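Visitor: Sharing a structure here in structure tokens format.
The values are calculated or read from the model by the stated rules, or taken from the named source; none is laboratory data. What you see is a predicted model, and the numbers here were worked out from it, not measured in a lab. Neighbour counts run over all protein chains shown; Cβ positions are idealised from the backbone, glycine included. The accessibility values were calculated without ligands, DNA or RNA, using every heavy atom of the protein model including side chains. Shrake-Rupley method; radii C 1.70, N 1.55, O 1.52, S 1.80 Å.
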Amino acid sequence: TRELEGQVAQFIEDNGRKPTRVELWAMRQDIAAATRKPKSEDDLKPGELLEQWERRAVQGGVQPLASIPDDVARFARAHGPIAPVSAEARHRAIRIAVAEVQRQNSTWDTSQLLWELHRALPMLPADVDPVQYLHDAADEALTGVVPGANVVPLRPLPDVTDISALGLRESDGRSVHDDPGTDLYCTAEHLDTEAYLLRAAARRVRPAMTEDEAAAAIEGEGLSEDQAAAAKVMLSSDRAVLAFVAAAGTGKSHTMAVFSRAWERRTGARVIGLTLSTNASRVLATEGLTESHTIADFLGKIEGSSETRGHLPVRPGDVLVIDEATQVPTAEQAAIQVIADRCGARVIPVGDTEQLTSPEAGGMFGQIARDHGYVQVHEVRRFNEPWEGPASLRLRDGDQSVIADYKRHGRIRAEIG
């Protein structure tokens with residue numbers, strides 16, 4: 001305490017102000033580290049320290065440390081040496097690793113594949129160099145010699161001009177002009193899935209109503225000007241898939257609820273909300289969507305398995321609204337799209353292209369919006385203070401200067417602990 005008081009007095013003298021709570025916390029941490037008494041173990045030699053640990057183990061009823069080498073030797077004699085990994089087991093591990101790295105990433109590099117190989121491969125014999133073995137397995141995966149591991153190189157791109165005669169190659173065969181660590185891959189199956197979603201997004205269907213009918217359907221629903229414009233486009237669109245882009249606080253759930261009621265009244269078909277979480281499904285129901293499910297429930301996923309029991313019923317003319325579509329993995333988005341195409345339903349993915357994508361392989365919502373257009377609402381309506389809405393949009397766009405606005409209005413707080 002005395003040391004802290006001295007440092008605070010010196011800080012005030014040097015800076016002309018009192019230290020903040022964060023600065024006080026940092027001072028306390030430094031003082032505690034500098035003034036605490038050394039632990040008794042710090043003064044012991046390694047041999048003495050080991051003896052102390054042994055005594056504690058015996059007193060606590062824990063297996064003595066000295067017995068571990070003998071136990072390991074007995075285990076080795078009983079089980080024999082680890083057998084070499086067969087080609088079949090290695091190929092199976094490679095297929096598992098490729099499938100897992102692709103499930104987690106839209107595109108991936110060699111280091112990510114190596115990690116999944118490390119997890120998928122069985123234990124290696126003691127005389128095998130694990131690092132070299134992993135790299136050899138990665139080479140097998142990336143060169144397409146393993147059945148079922150259909151890897152496609154995305155980067156670096158092939159040389160436009162053949163320079164092989166000049167010998168300007170690294171030991172791994174790559175051009176010396178390629179930046180190191182820029183390799184990028186995905187599987188052929190994942191590319192096919194993305195291509196399917198983009199083709200589906202380009203498909204045209206017969207509009208359910210005219211623009212005038214759409215305007216009449218939402219009249220008196222209390223939508224703002226840009227919300228009403230978005231709802232009218234969604235009601236009268238000829239797109240089988242139409243992206244709806246909306247930043248946080250713009251009232252996208254309210255807009256979709258009005259769209260849902262109008263669609264059901266005019267067409268007799270359903271609007272089904274699909275969410276990643278149960279809580280999000282309840283929010284849609286609270287806003288006014290008559291039917292909403294988690295994506296897992298809609299697809300009929302069996303917990304702990306990749307199998308499904310079959311999806312919930314979908315009829316021609318229904319609309320499947322995918323909430324927070326930026327967070328939906330590509331595989332699940334494709335499964336929803338297959339159901340929509342098979343049953344004659346439309347799809348409206350809803351999200352914000354400036355938000356982070358799925359923690360698994362994703363990113364298709366932004367791609368669909370860029371390639372095939374979207375409807376959007378701009379006005380932020382969630383906040384009470386006039387400055388907050390525009391500030392939140394600037395923050396969404398990555399404008400760091402907006403931090404000064406939040407600081408000026410006392411919205412930046414530092415909490416420790």
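Visitor: If ARG119 satisfies every condition in (1) crowded, with 16+ Cβ neighbours inside 10 Å; (2) within 24 Å of GLY362 (Cα to Cα); (3) more than 19 Å from the chain's Cα centre (by Cα) but one, which is the exception?
Guide: Unmet for ARG119, out of (1) crowded, with 16+ Cβ neighbours inside 10 Å; (2) within 24 Å of GLY362 (Cα to Cα); (3) more than 19 Å from the chain's Cα centre (by Cα): (1).
Visitor: Here's a follow-up. Could you tell me how many of the residues in region 286-303 are open to solvent by 60 Å² or more (accessible area, probe 1.4 Å) and either assigned to a helix (DSSP H, G or I) or more than 28 Å from GLU213 (Cβ to Cβ) (or both)?
Guide: 6
Visitor: Of everything in region 352-386, what is under 19 Å from the mean Cα position of the chain (by Cα) and either at positive phi or in a helix (DSSP H, G or I) (or both)? Give them in sequence order.
Guide: If the condition is that a residue be under 19 Å from the mean Cα position of the chain (by Cα) and either at positive phi or in a helix (DSSP H, G or I) (or both), then GLY363, MET364, PHE365, GLY366, GLN367, ILE368, ALA369 are the ones that fit.
Visitor: What residue, of VAL314, VAL258, VAL233, VAL283, is of a type in the set (Val, Ile, Thr), part of a loop (DSSP other than H, G, I, E, B) and surrounded by 15 or more Cβ atoms within 10 Å (Cβ to Cβ)?
Guide: Being of a type in the set (Val, Ile, Thr), part of a loop (DSSP other than H, G, I, E, B) and surrounded by 15 or more Cβ atoms within 10 Å (Cβ to Cβ) holds for just one of VAL314, VAL258, VAL233, VAL283, which is VAL314.
Visitor: Tell me, which residue of region 321-351 that is of a type in the set (Gly, Ala, Ser) and either within 17 Å of the chain's Cα centre (by Cα) or under 25 Å from SER392 (Cβ atoms) (or both) is surrounded by the fewest Cβ atoms within 10 Å (Cβ to Cβ)?
Guide: Looking at the filtered set, the residue picked out is ALA331.
Visitor: Pairs only if they're at least six apart or on different chains, beta carbon under 7 angstrom, first in region 1-28 and touching a residue at least 12 places away in the same chain (Cβ under 8 Å), second open to solvent by 100 Å² or more (accessible area, probe 1.4 Å); list them, first residue then second.
Guide: LEU4/ARG28
Visitor: While we're here: Return a yes/no flag: does region 329-347 have any residue that is assigned to a loop (DSSP other than H, G, I, E, B), closer than 26 Å to THR255 by Cα and of a type outside the set (Gly, Ala, Ser).
Guide: yes
Visitor: For region 371-378, check the following and say yes or no: at least one residue is open to solvent by 90 Å² or more (accessible area, probe 1.4 Å) and of a type outside the set (Lys, Arg).
Guide: Yes, that holds for at least one residue.
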